Every structure is written in C-alpha cells, then in structure tokens.
Amino acid sequence: MTSSTSASASTPAVTAIVGGYVVPVASDAIDGGTVIVTDGVISAVGGSDIPIPDGATVVDATGRWVLPGFVEAHGHVGIHEEGIGAEGNDTNEMTGPNMAGVRAIDAIDIDDEGFRDALKGGITSVVVKPGSGNPIGGRTVAIKTWGGRTVDEQVIVADVSVKSALGENPKRIYGAKNQTPSTRLGVALIIRQAFEDARHYAGARAEAATEGKPFQRDLALETLAAVLDGELVWDQHVHRHDDIATAIRLADEFGYKLVINHGTEGNKVADVLAERGIPVIFGPMFTSRSKVELKDRAIENLVALAAAGVRVAITTDHPVVPIDFLVHQASLAVKEGLPRQTALEALTVNPAAMLGLDGRVGSLTEGLDGDVVVWSGDPLDVTSRAQRVYIGGTEVYTWDEAAHRGVTLERSARFA
C-alpha cells in the first residue's frame, strides 16, 4: 500500500484512497472504489471513474478494505484511565444520587492509552459517559479519538445525552451508605422526583423570562429540563428485563428519548422494544457473569434483538473490555447468527443515528467527516488489522509492516 503527493500550499488538502474494496455501510460496497477527502470532509465516494483532483495525496488501497471509522457508543476512555489506579478513575461522582449537573468532558485525559488503542481498533469516534454508580450520572460527550491540543478540539457534539442507571449498581452503592436508594423502588424514585423537579423548574424559568425577572440557574435541573425538551438523549444503563420495563415506564411518563445501554436481557422484551422503536447499545460481551444482573448474559441475545427489528449498536464499555476489541465482539456476534451487514451497522451508522451524530460520522458519505480506515482485509475477520486510520482527513495511525507495530501520530509531531 503506497501513497504519493504533489500538493502545493495553495490547493486544498486532498487525500484520495483508491483501488480498495470500499464499504460505505450506508450504501452498497464498491470493488475497486475511491474515497476522496477534501479539507477534512468526504467529498466523493464511488468507483474507479471518479477523477482524482490535482495535487491529491493518493493512497493505493488495492487488496484492502476501506470503511468509515467505527463509533464506540458507550465508553469511559479518558475518564477511567488505564494503568494508574484510583487517581485515573473519575467515572462516578458518588457523593449524591442525582449528579445531572456533572459533565464527562471535564474529566477526560486525551493522553489516556485507551485512545491509542481505539485507533488500533479502527475507532475514530467515542461517546464518553459517566458511570453507573448513580441513578443520574451526568452529561456525556462525543469526541474524536485523536487530534486535539485539548479535548475541546476533539468534540463532535458537546452535549449528547444524560447517563442514568437502574438496577444493581446504584442500589448497591447507596445501600452500602444506608441511604436512598437502597432498592429498585428508591432508584426509580430518585429519577422520577428529579424529573418532577425539572418540570417545575422549567415552568418557573419560563415565567421569569416572560416577566423579565432574574432567575437562579440550577445546573442539574437545567440538564434534566434539556432532556424533557428533547435536546438530550436519556442513556439508560439497564440489564434485567424488569428494569428495562421500568426504563420504558419512566420514559413514557416524562416523554424523553430513551436509549437502552447494555440490554443484557433485552431479548426477553425484544418485541416491546421493537414496537416502541427503542434502540439498544448492547454489551460488553467479553465478560463473565460477574453479578446477578448478568446471569443470562449471552452474545446470542444481541442476535435476538436484531432479529426482532430493534436497532442495535455494540459497546465494549471500555475499560471493561479493551476498546480495540469492539470489532471482535461484532465478529463473534456474526458467528452467533447476527447478519454481517447488521454487525457493520452496529459499529457505524446505528450508534451515530441513535445519539444524533449521523450528520458528522458513521458512514462513508459525501459531506461527512473524513474519518476513514483502511483495513488489511475484512474487519470482521479477526486476523485483519487497521493499517491506516484517518480522522478529518489526517492520517493519525499507520501500521508499520517492517517493524510489525502501529505508529500513532503523537502530539509532538502534530503540533510541532
């Protein structure tokens, strides 16, 4: 795989990836296809007849597969750093059950090794979320997995959703403190009361605005009011089927957009989820049945959800499962009966659509960000590897065949 360039300073930055097996995901695959990225944005996708702009950097991908960068829809990369223990774990602010006012972006270290692993796994976008220790955990953020001087320069969407948890985790955390919530009843109460408060808050805010009076903002209630207004998705951590029913009940009561996260027993209510159009971010799959909620965990549960017509995405819940194993989870799901196309959609277009990122990422489509990965072969073949990774048209990761190792474009080289 070779590249050449003859660009001048006066021309736009153009990269043309040619000759590969191009899999846009959102449209049919193209053998011997071409992907052109101009100034960080996909400007053309098609066959070998697409003209290559003068001055383009040309990448010969003959014999390779070319796909959009994968989207990890539920991870803690950067806020649960690897290898440094408690100091690097800022996943849960467990000093109160309602932490709607906190934001994941405020704890992300973009030098976390997990981001380098993400590139190795062909992942160019990740939605970083608070953990599941609280009934209401805080705001999430969608970012690119590389490229900024600060995390702010990697943001795709600053406010995507609010992380919430039902079931075992918040019950255990606060039960150990001998405070509410110590039961499933209490967990639902915290969420329900928070939304009732947000309703009254939004009304008082509107009244103050009408009358021209000053109004004291409450960051937690501002967040929940944004959920009620449809500005933020409600990302519901939930495993058991009865907790999924509670999640649906609460969403019906308050009218917010619900996305199920994990959905271990979602197969037991797959028909309900399909009828209601509620999507599921499924996983992680490479785990043991380490707690009661996971006793029925199985990869084939994802297959059942998809077969019922539920839109599905796949997650590693990094660092629960290493983020670069995202594609391997999809491979094993295919082994268990998930259609190949659905598996690829679960890594790309589906998570992007679920979380409102599809105007930027998720497929090789003209007008979307130039996040492109050149694979040595079919990415669902576990022996394939990402050989070139582009984010916004910039090559940020390359597999060095001679040295047999990946090379990441580090900060010193990016911003010298």
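With a requirement of 1 or more residues that are surrounded by 17 or more Cβ atoms within 10 Å (Cβ to Cβ) and either at positive phi or under 24 Å from the mean Cα position of the chain (by Cα) (or both), the strands (runs of 3 or more DSSP E) lying completely within segment 27-71 that satisfy it span 30-38, 41-46, 65-68. For the condition modelled with pLDDT of 95 or more and either open to solvent by less than 10 Å² (accessible area, probe 1.4 Å) or out of contact with any Gly (no Cβ under 8 Å at 6 or more places or on another chain) (or both), Ile136 qualifies. Listed by first and then second residue, the pairs linking a residue in segment 365-394 that is in contact (Cβ under 8 Å) with a residue 60 or more places away in the chain to a residue that is in a strand (DSSP E or B) and among the acidic types (Asp, Glu), with Cβ atoms under 9 Å apart and 6 or more places separating them unless they lie on different chains, are Arg388/Glu395; Val389/Glu395; Ile391/Asp369; Gly392/Asp369; Gly393/Asp369.
Regarding Ala7, is this residue in contact with a Gly (Cβ under 7 Å, 6 or more places away or on another chain) and modelled with pLDDT under 95? Yes, satisfied. Under the condition of being assigned to a helix (DSSP H, G or I) and surrounded by fewer than 23 Cβ atoms within 10 Å (Cβ to Cβ), the residues counted in segment 279-323 number 8. Do we have any residue at all in segment 141-161 that's touching a Phe, Trp or Tyr at 6+ places or on another chain (Cβ under 9 Å) and modelled with pLDDT under 95? Checking segment 141-161: at least one residue is touching a Phe, Trp or Tyr at 6+ places or on another chain (Cβ under 9 Å) and modelled with pLDDT under 95. Across segment 200-243, the qualifying residues are those that are of a type in the set (Asp, Glu) and out of contact with any helix residue (DSSP H, G or I) (no Cβ under 9 Å at 6 or more places or on another chain), and the one among them that is nearest to Ile299 (Cα to Cα) is Asp235. Apart from one condition, Ser331 fits all of (1) over 29 Å from Ile84 (Cβ atoms); (2) surrounded by fewer than 24 Cβ atoms within 10 Å (Cβ to Cβ); (3) polar (S, T, N, Q); (4) touching a Gly at 6+ places or on another chain (Cβ under 7 Å); the exception is (4). Residue count for segment 67-104 under the criterion of being free of Cβ contacts under 8 Å to residues at least 12 places away in the same chain and more than 20 Å from Asp324 (Cα to Cα): the result is 4. So which of Lys257, Lys171, Lys268 is open to solvent by 10 Å² or more (accessible area, probe 1.4 Å), basic (Lys, Arg) and more than 22 Å from Asp296 (Cα to Cα)? Sole residue among the options that is open to solvent by 10 Å² or more (accessible area, probe 1.4 Å), basic (Lys, Arg) and more than 22 Å from Asp296 (Cα to Cα): Lys257. Looking only at segment 259-315, filter to residues that are more than 18 Å from Pro351 (Cβ to Cβ) and touching a residue at least 60 places away in the same chain (Cβ under 8 Å); which one of those is farthest from the chain's Cα centre (by Cα)? Result: Val292.
Kindly evaluate Asp111 against the criterion of being of a type in the set (Asp, Glu) and free of Cβ contacts under 8 Å to residues at least 24 places away in the same chain. It is false that Asp111 is of a type in the set (Asp, Glu) and free of Cβ contacts under 8 Å to residues at least 24 places away in the same chain.
Only residues that are surrounded by fewer than 17 Cβ atoms within 10 Å (Cβ to Cβ), of a type in the set (Asp, Glu) and under 19 Å from Val349 (Cα atoms) were counted in segment 360-416, giving 2.
When segment 146-167 is filtered for residues that are touching a Lys or Arg at 6+ places or on another chain (Cβ under 6 Å) and open to solvent by 10 Å² or more (accessible area, probe 1.4 Å), the ones remaining, listed by number, are Ile156, Asp159.
Which of (1) touching a helix residue (DSSP H, G or I) at 6+ places or on another chain (Cβ under 8 Å); (2) buried (at least 23 other Cβ atoms within 10 Å of the Cβ) is the odd one out, the single condition Thr342 does not satisfy? The failed condition is (2). Only residues that are open to solvent by 10 Å² or more (accessible area, probe 1.4 Å), of a type in the set (Gly, Ala, Ser) and within 16 Å of the chain's Cα centre (by Cα) were counted across segment 97-131, and they come to 0. Considering only residues in segment 189-242 that are β-branched (Val, Ile, Thr) and either more than 29 Å from the chain's Cα centre (by Cα) or in a helix (DSSP H, G or I) (or both), the one that is surrounded by the fewest Cβ atoms within 10 Å (Cβ to Cβ) turns out to be Thr210.
The values are calculated or read from the model by the stated rules, or taken from the named source; none is laboratory data. What you see is a predicted model, and the numbers here were worked out from it, not measured in a lab. Ideal geometry is used to build each Cβ from the backbone, glycine not excepted, and the neighbour counts take in all protein chains shown. Please note that ligands, DNA and RNA were not included when accessible areas were found on the heavy atoms of the full protein model with its side chains. Shrake-Rupley method; radii C 1.70, N 1.55, O 1.52, S 1.80 Å.
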